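Trainee: I have a structure I would like to understand better, so I am pasting it below and will then ask my questions one at a time.
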Amino acid sequence: MNRIVSALDISSNTPPSAIAVTDRREVTGVGSPDKPLVSVVMPAYNEAPVIEHNLWRVCEHMARLETQLRWELVIINDGSSDETGRLAERFARAHGNVRVFHHFTNFGVGQALRFAARHTLGDYVVVLDTDLSYSPDHIELLLGRIRSTRAKIVLTSPYMQGGKVSNVPWLRRTLSTWANRFLAASIPGHLSTLTSMVRIYDGPFLRSMNLRSMGLEIMPEILYKAKLLGARIEEVPAHLDWGAAQSKHAARRSSMRLARHTGAIILSGFLFRPVIYFIVPGLALLAFAAYVNAWTLIHFGQEYVRLAQYADIFQRSSAAVSAAYAGSPHTFMIGLLALMLAIQLISLGILSLQNKSHFEELFHLGSAIYRAQHGDPEVK
(Lines give C-alpha, C1' and ligand atoms only; values in the text may rest on other atoms or scores of the structure.)
Protein backbone atom coordinates (compact mmCIF):
# COMPACT_ATOMS: atom_id res chain seq x y z
CA MET A 1 0.00 0.00 0.00
CA ASN A 2 1.48 3.38 -1.00
CA ARG A 3 0.60 6.66 0.65
CA ILE A 4 1.89 10.18 1.14
CA VAL A 5 2.83 10.88 4.76
CA SER A 6 0.81 13.69 6.33
CA ALA A 7 2.34 16.68 8.08
CA LEU A 8 1.67 15.04 11.44
CA ASP A 9 3.69 11.96 10.50
CA ILE A 10 6.98 13.67 9.84
CA SER A 11 9.56 15.63 11.74
CA SER A 12 9.11 19.36 12.01
CA ASN A 13 12.15 20.04 9.85
CA THR A 14 10.85 18.15 6.84
CA PRO A 15 8.11 19.49 4.56
CA PRO A 16 5.22 17.08 3.91
CA SER A 17 5.81 17.22 0.16
CA ALA A 18 9.36 15.93 0.60
CA ILE A 19 8.52 12.38 1.70
CA ALA A 20 6.62 9.42 0.38
CA VAL A 21 6.57 5.93 1.82
CA THR A 22 5.70 2.37 0.98
CA ASP A 23 3.98 1.37 4.21
CA ARG A 24 3.98 -2.28 5.27
CA ARG A 25 3.48 -3.28 8.85
CA GLU A 26 4.14 -7.02 8.56
CA VAL A 27 7.02 -8.60 10.45
CA THR A 28 8.36 -12.12 10.16
CA GLY A 29 9.70 -14.67 12.55
CA VAL A 30 9.01 -18.23 13.56
CA GLY A 31 6.92 -18.86 16.65
CA SER A 32 5.78 -16.55 19.40
CA PRO A 33 5.37 -12.79 18.91
CA ASP A 34 7.12 -12.51 22.29
CA LYS A 35 10.39 -12.76 20.42
CA PRO A 36 12.12 -9.37 20.12
CA LEU A 37 11.41 -7.37 17.00
CA VAL A 38 14.51 -6.02 15.25
CA SER A 39 14.18 -3.11 12.84
CA VAL A 40 17.02 -2.90 10.33
CA VAL A 41 17.37 0.64 8.93
CA MET A 42 19.34 1.24 5.72
CA PRO A 43 19.70 4.84 4.49
CA ALA A 44 20.47 4.91 0.76
CA TYR A 45 21.70 7.64 -1.55
CA ASN A 46 22.51 6.78 -5.20
CA GLU A 47 23.14 3.11 -4.45
CA ALA A 48 21.41 1.70 -7.57
CA PRO A 49 24.33 -0.57 -8.65
CA VAL A 50 24.34 -2.49 -5.37
CA ILE A 51 21.04 -1.95 -3.59
CA GLU A 52 19.07 -5.00 -4.72
CA HIS A 53 21.96 -7.40 -4.20
CA ASN A 54 22.70 -5.98 -0.74
CA LEU A 55 19.06 -5.99 0.32
CA TRP A 56 18.94 -9.67 -0.61
CA ARG A 57 22.04 -10.30 1.52
CA VAL A 58 20.47 -8.59 4.53
CA CYS A 59 17.16 -10.41 4.15
CA GLU A 60 18.87 -13.78 3.76
CA HIS A 61 20.90 -13.13 6.90
CA MET A 62 17.84 -12.04 8.90
CA ALA A 63 15.90 -15.11 7.69
CA ARG A 64 18.55 -17.30 9.30
CA LEU A 65 17.85 -15.58 12.63
CA GLU A 66 14.08 -16.04 12.59
CA THR A 67 14.19 -18.72 15.26
CA GLN A 68 15.52 -16.06 17.63
CA LEU A 69 13.69 -12.91 16.57
CA ARG A 70 11.17 -11.14 14.36
CA TRP A 71 12.36 -8.46 11.99
CA GLU A 72 11.52 -5.68 9.57
CA LEU A 73 13.66 -3.83 7.04
CA VAL A 74 13.27 -0.05 6.63
CA ILE A 75 14.92 1.61 3.63
CA ILE A 76 15.36 5.39 3.50
CA ASN A 77 15.86 6.60 -0.08
CA ASP A 78 17.39 9.97 0.75
CA GLY A 79 16.72 11.93 -2.44
CA SER A 80 18.64 9.65 -4.80
CA SER A 81 19.00 10.91 -8.36
CA ASP A 82 19.49 7.42 -9.83
CA GLU A 83 17.26 4.32 -9.80
CA THR A 84 17.75 3.60 -6.07
CA GLY A 85 14.16 4.46 -5.16
CA ARG A 86 12.54 2.44 -7.94
CA LEU A 87 14.70 -0.60 -7.24
CA ALA A 88 14.00 -0.41 -3.52
CA GLU A 89 10.26 -0.20 -4.25
CA ARG A 90 10.48 -3.25 -6.50
CA PHE A 91 12.26 -5.17 -3.79
CA ALA A 92 9.74 -4.09 -1.13
CA ARG A 93 6.77 -5.26 -3.23
CA ALA A 94 8.12 -8.80 -3.01
CA HIS A 95 8.71 -8.70 0.75
CA GLY A 96 5.91 -7.96 3.19
CA ASN A 97 8.19 -6.87 6.02
CA VAL A 98 10.18 -4.34 3.94
CA ARG A 99 9.17 -0.66 3.95
CA VAL A 100 10.58 2.14 1.81
CA PHE A 101 10.58 5.83 2.70
CA HIS A 102 11.44 8.44 0.09
CA HIS A 103 12.93 11.88 0.59
CA PHE A 104 12.45 13.81 -2.63
CA THR A 105 15.44 15.95 -1.56
CA ASN A 106 18.78 14.77 -0.22
CA PHE A 107 18.49 15.92 3.40
CA GLY A 108 21.46 13.96 4.77
CA VAL A 109 22.10 10.92 6.92
CA GLY A 110 20.95 12.66 10.08
CA GLN A 111 17.49 13.44 8.77
CA ALA A 112 17.20 9.94 7.32
CA LEU A 113 17.92 8.38 10.70
CA ARG A 114 15.63 10.77 12.56
CA PHE A 115 12.75 9.94 10.24
CA ALA A 116 13.45 6.21 10.36
CA ALA A 117 13.59 6.26 14.15
CA ARG A 118 10.07 7.66 14.28
CA HIS A 119 8.70 4.97 11.98
CA THR A 120 10.45 1.85 13.21
CA LEU A 121 8.56 -0.70 15.27
CA GLY A 122 11.42 -2.68 16.74
CA ASP A 123 12.47 -3.39 20.28
CA TYR A 124 15.93 -2.94 18.79
CA VAL A 125 16.96 -0.75 15.85
CA VAL A 126 20.02 -1.67 13.79
CA VAL A 127 21.45 0.84 11.31
CA LEU A 128 23.48 -0.48 8.36
CA ASP A 129 25.28 1.20 5.48
CA THR A 130 23.51 0.24 2.27
CA ASP A 131 26.85 -0.56 0.64
CA LEU A 132 27.44 -3.15 3.42
CA SER A 133 30.93 -1.97 4.20
CA TYR A 134 30.06 -3.65 7.49
CA SER A 135 28.70 -7.09 6.61
CA PRO A 136 25.26 -8.28 7.83
CA ASP A 137 27.06 -10.65 10.22
CA HIS A 138 27.52 -7.67 12.53
CA ILE A 139 23.77 -7.63 13.24
CA GLU A 140 23.94 -10.79 15.32
CA LEU A 141 27.07 -9.54 17.09
CA LEU A 142 25.41 -6.24 17.99
CA LEU A 143 22.18 -7.91 19.08
CA GLY A 144 24.03 -10.34 21.33
CA ARG A 145 25.93 -7.53 23.06
CA ILE A 146 22.96 -5.23 23.64
CA ARG A 147 20.88 -8.06 25.09
CA SER A 148 23.66 -9.37 27.32
CA THR A 149 24.70 -5.96 28.69
CA ARG A 150 21.29 -4.24 28.65
CA ALA A 151 22.99 -1.27 27.01
CA LYS A 152 21.02 1.43 25.20
CA ILE A 153 23.50 1.68 22.32
CA VAL A 154 26.15 -0.68 20.98
CA LEU A 155 28.64 0.61 18.42
CA THR A 156 30.70 -1.19 15.82
CA SER A 157 34.36 -0.27 16.21
CA PRO A 158 37.04 -1.18 13.67
CA TYR A 159 39.60 0.70 15.80
CA MET A 160 39.28 -1.19 19.08
CA GLN A 161 41.22 -4.35 19.85
CA GLY A 162 39.95 -7.11 17.57
CA GLY A 163 38.63 -4.66 14.97
CA LYS A 164 39.91 -4.40 11.41
CA VAL A 165 39.95 -1.94 8.49
CA SER A 166 40.38 -3.12 4.89
CA ASN A 167 40.56 -1.43 1.49
CA VAL A 168 39.98 2.10 2.81
CA PRO A 169 42.06 4.81 1.09
CA TRP A 170 44.92 6.09 3.23
CA LEU A 171 43.58 9.66 3.53
CA ARG A 172 40.08 8.56 4.58
CA ARG A 173 41.47 6.04 7.03
CA THR A 174 43.85 8.59 8.58
CA LEU A 175 41.16 11.26 8.90
CA SER A 176 38.69 8.79 10.40
CA THR A 177 41.25 7.44 12.86
CA TRP A 178 42.26 10.87 14.16
CA ALA A 179 38.67 12.15 14.18
CA ASN A 180 37.67 9.27 16.43
CA ARG A 181 40.70 9.77 18.66
CA PHE A 182 39.82 13.43 19.00
CA LEU A 183 36.19 12.68 19.89
CA ALA A 184 37.24 9.88 22.24
CA ALA A 185 39.36 12.41 24.12
CA SER A 186 36.40 14.81 24.21
CA ILE A 187 33.67 12.52 25.48
CA PRO A 188 33.81 10.83 28.89
CA GLY A 189 34.29 7.07 28.73
CA HIS A 190 36.47 4.65 26.83
CA LEU A 191 34.87 4.56 23.39
CA SER A 192 37.16 4.20 20.38
CA THR A 193 34.77 4.80 17.44
CA LEU A 194 32.17 7.53 17.73
CA THR A 195 31.51 8.29 14.04
CA SER A 196 30.41 4.87 12.78
CA MET A 197 26.82 4.76 11.55
CA VAL A 198 26.51 0.99 12.04
CA ARG A 199 25.01 0.54 15.49
CA ILE A 200 22.20 -1.05 17.41
CA TYR A 201 19.88 0.98 19.61
CA ASP A 202 17.32 0.14 22.22
CA GLY A 203 14.21 1.00 20.19
CA PRO A 204 12.16 2.91 22.79
CA PHE A 205 15.27 4.81 23.89
CA LEU A 206 16.10 5.92 20.34
CA ARG A 207 12.53 6.97 19.64
CA SER A 208 12.48 9.07 22.83
CA MET A 209 15.52 11.14 21.86
CA ASN A 210 15.15 14.66 20.49
CA LEU A 211 17.78 14.87 17.73
CA ARG A 212 18.61 17.92 15.64
CA SER A 213 21.51 17.11 13.28
CA MET A 214 20.85 16.65 9.58
CA GLY A 215 24.21 15.17 8.53
CA LEU A 216 26.83 12.76 9.78
CA GLU A 217 27.28 14.82 12.94
CA ILE A 218 24.18 13.03 14.24
CA MET A 219 26.43 10.10 15.24
CA PRO A 220 28.33 11.95 17.99
CA GLU A 221 25.18 13.93 18.88
CA ILE A 222 23.34 10.72 19.76
CA LEU A 223 26.21 9.58 21.96
CA TYR A 224 26.51 12.97 23.67
CA LYS A 225 22.82 13.07 24.57
CA ALA A 226 22.83 9.41 25.59
CA LYS A 227 25.73 10.16 27.93
CA LEU A 228 23.79 13.06 29.45
CA LEU A 229 20.96 10.65 30.21
CA GLY A 230 23.34 8.18 31.83
CA ALA A 231 22.72 5.55 29.16
CA ARG A 232 25.06 2.59 28.92
CA ILE A 233 27.04 2.51 25.66
CA GLU A 234 29.05 -0.50 24.53
CA GLU A 235 31.31 -1.36 21.59
CA VAL A 236 32.01 -4.52 19.63
CA PRO A 237 35.05 -5.12 17.39
CA ALA A 238 34.05 -4.85 13.74
CA HIS A 239 35.48 -5.23 10.25
CA LEU A 240 35.15 -2.17 8.03
CA ASP A 241 35.78 -3.38 4.47
CA TRP A 242 35.34 -1.03 1.53
CA GLY A 243 36.40 -3.84 -0.80
CA ALA A 244 33.28 -5.75 0.17
CA ALA A 245 31.27 -2.66 -0.77
CA GLN A 246 32.50 -2.71 -4.37
CA SER A 247 30.32 -3.91 -7.19
CA LYS A 248 31.36 -5.16 -10.59
CA HIS A 249 29.16 -2.44 -12.09
CA ALA A 250 30.47 0.59 -10.20
CA ALA A 251 33.28 1.58 -7.92
CA ARG A 252 32.53 2.24 -4.31
CA ARG A 253 31.41 5.83 -3.75
CA SER A 254 31.12 7.62 -0.45
CA SER A 255 28.68 10.43 0.18
CA MET A 256 30.86 11.84 2.93
CA ARG A 257 31.95 15.44 2.34
CA LEU A 258 35.35 15.62 3.96
CA ALA A 259 35.48 19.35 4.72
CA ARG A 260 31.95 19.45 6.14
CA HIS A 261 32.45 16.26 8.10
CA THR A 262 35.73 17.51 9.57
CA GLY A 263 34.02 20.72 10.67
CA ALA A 264 31.20 18.73 12.24
CA ILE A 265 33.71 16.60 14.16
CA ILE A 266 35.44 19.71 15.54
CA LEU A 267 32.09 21.22 16.56
CA SER A 268 31.03 17.96 18.21
CA GLY A 269 34.24 17.90 20.20
CA PHE A 270 33.53 21.44 21.38
CA LEU A 271 30.02 20.46 22.50
CA PHE A 272 31.33 17.42 24.36
CA ARG A 273 34.09 19.24 26.23
CA PRO A 274 34.58 22.97 25.58
CA VAL A 275 37.42 22.99 28.10
CA ILE A 276 39.78 21.60 25.45
CA TYR A 277 39.10 24.57 23.17
CA PHE A 278 39.42 27.42 25.64
CA ILE A 279 40.68 26.56 29.10
CA VAL A 280 43.48 24.18 28.08
CA PRO A 281 44.89 26.58 25.43
CA GLY A 282 44.33 29.45 27.88
CA LEU A 283 46.34 27.71 30.59
CA ALA A 284 49.11 26.91 28.09
CA LEU A 285 49.23 30.59 27.05
CA LEU A 286 49.18 31.63 30.70
CA ALA A 287 52.23 29.45 31.38
CA PHE A 288 53.98 30.96 28.34
CA ALA A 289 53.07 34.48 29.47
CA ALA A 290 54.41 33.75 32.95
CA TYR A 291 57.70 32.57 31.45
CA VAL A 292 58.06 35.65 29.20
CA ASN A 293 57.00 38.09 31.91
CA ALA A 294 59.46 36.49 34.32
CA TRP A 295 62.25 37.52 31.96
CA THR A 296 60.69 40.98 31.76
CA LEU A 297 60.89 41.27 35.55
CA ILE A 298 64.48 40.04 35.50
CA HIS A 299 65.42 42.75 32.97
CA PHE A 300 63.59 45.32 35.08
CA GLY A 301 65.43 44.22 38.20
CA GLN A 302 68.78 44.43 36.47
CA GLU A 303 68.06 47.96 35.24
CA TYR A 304 66.73 48.99 38.66
CA VAL A 305 69.98 47.95 40.31
CA ARG A 306 72.04 49.69 37.64
CA LEU A 307 70.19 53.01 37.97
CA ALA A 308 71.29 53.67 41.54
CA GLN A 309 71.77 57.40 40.84
CA TYR A 310 68.01 57.98 41.16
CA ALA A 311 67.12 58.72 44.74
CA ASP A 312 63.36 58.74 44.23
CA ILE A 313 61.96 55.18 44.05
CA PHE A 314 59.28 56.11 41.51
CA GLN A 315 61.72 57.83 39.18
CA ARG A 316 64.10 54.91 39.50
CA SER A 317 61.34 52.38 38.73
CA SER A 318 60.10 54.38 35.73
CA ALA A 319 63.61 54.69 34.34
CA ALA A 320 64.21 50.98 34.89
CA VAL A 321 61.04 50.07 32.97
CA SER A 322 62.01 52.40 30.11
CA ALA A 323 65.51 50.96 29.94
CA ALA A 324 64.29 47.36 30.08
CA TYR A 325 61.73 48.04 27.36
CA ALA A 326 64.33 49.76 25.15
CA GLY A 327 66.57 46.72 25.49
CA SER A 328 63.90 44.05 24.89
CA PRO A 329 60.71 45.58 23.45
CA HIS A 330 59.52 42.29 21.94
CA THR A 331 59.66 40.58 25.33
CA PHE A 332 57.33 43.20 26.80
CA MET A 333 54.85 43.05 23.90
CA ILE A 334 54.74 39.27 23.63
CA GLY A 335 54.37 38.82 27.38
CA LEU A 336 51.51 41.29 27.68
CA LEU A 337 49.66 40.02 24.60
CA ALA A 338 50.00 36.39 25.73
CA LEU A 339 48.69 37.30 29.18
CA MET A 340 45.68 39.16 27.75
CA LEU A 341 44.83 36.33 25.36
CA ALA A 342 45.21 33.73 28.11
CA ILE A 343 42.78 35.62 30.35
CA GLN A 344 40.27 35.92 27.50
CA LEU A 345 40.47 32.21 26.61
CA ILE A 346 40.07 31.11 30.21
CA SER A 347 37.12 33.47 30.63
CA LEU A 348 35.47 32.09 27.47
CA GLY A 349 36.09 28.57 28.73
CA ILE A 350 34.36 29.33 32.02
CA LEU A 351 31.40 30.84 30.16
CA SER A 352 31.24 27.79 27.84
CA LEU A 353 31.20 25.44 30.82
CA GLN A 354 28.40 27.47 32.37
CA ASN A 355 26.40 27.33 29.13
CA LYS A 356 27.07 23.59 28.83
CA SER A 357 25.85 23.07 32.39
CA HIS A 358 22.74 25.15 31.64
CA PHE A 359 22.03 23.09 28.50
CA GLU A 360 22.43 19.84 30.41
CA GLU A 361 19.98 21.02 33.07
CA LEU A 362 17.42 21.93 30.39
CA PHE A 363 18.01 18.65 28.58
CA HIS A 364 17.42 16.63 31.76
CA LEU A 365 14.31 18.67 32.51
CA GLY A 366 12.93 18.12 28.99
CA SER A 367 13.71 14.39 29.18
CA ALA A 368 12.00 14.11 32.56
CA ILE A 369 8.90 15.86 31.20
CA TYR A 370 8.86 13.52 28.19
CA ARG A 371 9.13 10.42 30.40
CA ALA A 372 6.34 11.71 32.64
CA GLN A 373 4.05 12.31 29.66
CA HIS A 374 4.79 9.00 27.96
CA GLY A 375 5.26 6.80 30.99
CA ASP A 376 8.76 5.78 29.98
CA PRO A 377 11.09 4.33 32.63
CA GLU A 378 14.28 6.02 33.78
CA VAL A 379 17.39 5.33 31.72
CA LYS A 380 19.67 2.72 33.29
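Trainee: Looking at R173, R181, R207, which one is free of Cβ contacts under 8 Å to residues at least 12 places away in the same chain, more than 28 Å from H53 (Cα to Cα), in a helix (DSSP H, G or I) and of a type in the set (D, E, K, R)?
Mentor: R181 is the lone residue from the list that is free of Cβ contacts under 8 Å to residues at least 12 places away in the same chain, more than 28 Å from H53 (Cα to Cα), in a helix (DSSP H, G or I) and of a type in the set (D, E, K, R).
Trainee: For the list (1) part of a loop (DSSP other than H, G, I, E, B); (2) over 25 Å from I75 (Cβ atoms); (3) within 17 Å of the chain's Cα centre (by Cα), I need the number of the one condition that Q161 fails.
Mentor: (3)
Trainee: A further question follows. Among the residues in segment 354-377, are any surrounded by fewer than 15 Cβ atoms within 10 Å (Cβ to Cβ), of a type outside the set (A, V, I, L, M, F, W, C), modelled with pLDDT of 85 or more and not assigned by TED's automatic domain parsing to the domain that holds L206?
Mentor: No, the conditions are met nowhere in segment 354-377.
Trainee: So, of the residues in segment 177-217 that are modelled with pLDDT under 85 and among the β-branched types (V, I, T), which turns out to be surrounded by the most Cβ atoms within 10 Å (Cβ to Cβ)?
Mentor: Residue satisfying both the conditions and the ranking: T193.
Trainee: For segment 308-350, what are the residues that are aromatic (F, W, Y) and either modelled with pLDDT of 85 or more or surrounded by 14 or more Cβ atoms within 10 Å (Cβ to Cβ) (or both)?
Mentor: Y310, Y325, F332
Trainee: When you go through (1) in contact with a helix residue (DSSP H, G or I) (Cβ under 7 Å, 6 or more places away or on another chain); (2) at pLDDT 85 or above; (3) outside any loop (DSSP other than H, G, I, E, B) one by one for H138, which number turns out not to apply?
Mentor: It is condition (1) that H138 fails.
Trainee: Which residues, taken from segment 274-307, are surrounded by fewer than 19 Cβ atoms within 10 Å (Cβ to Cβ) and not in a helix (DSSP H, G or I)?
Mentor: Residues satisfying the conditions are Y277, L307.
The values are calculated or read from the model by the stated rules, or taken from the named source; none is laboratory data. Values in this document were obtained by computation on a predicted structure and should not be read as measured data. Reconstructed Cβ throughout: ideal geometry from the backbone, glycine too, with neighbour counts over all protein chains shown.
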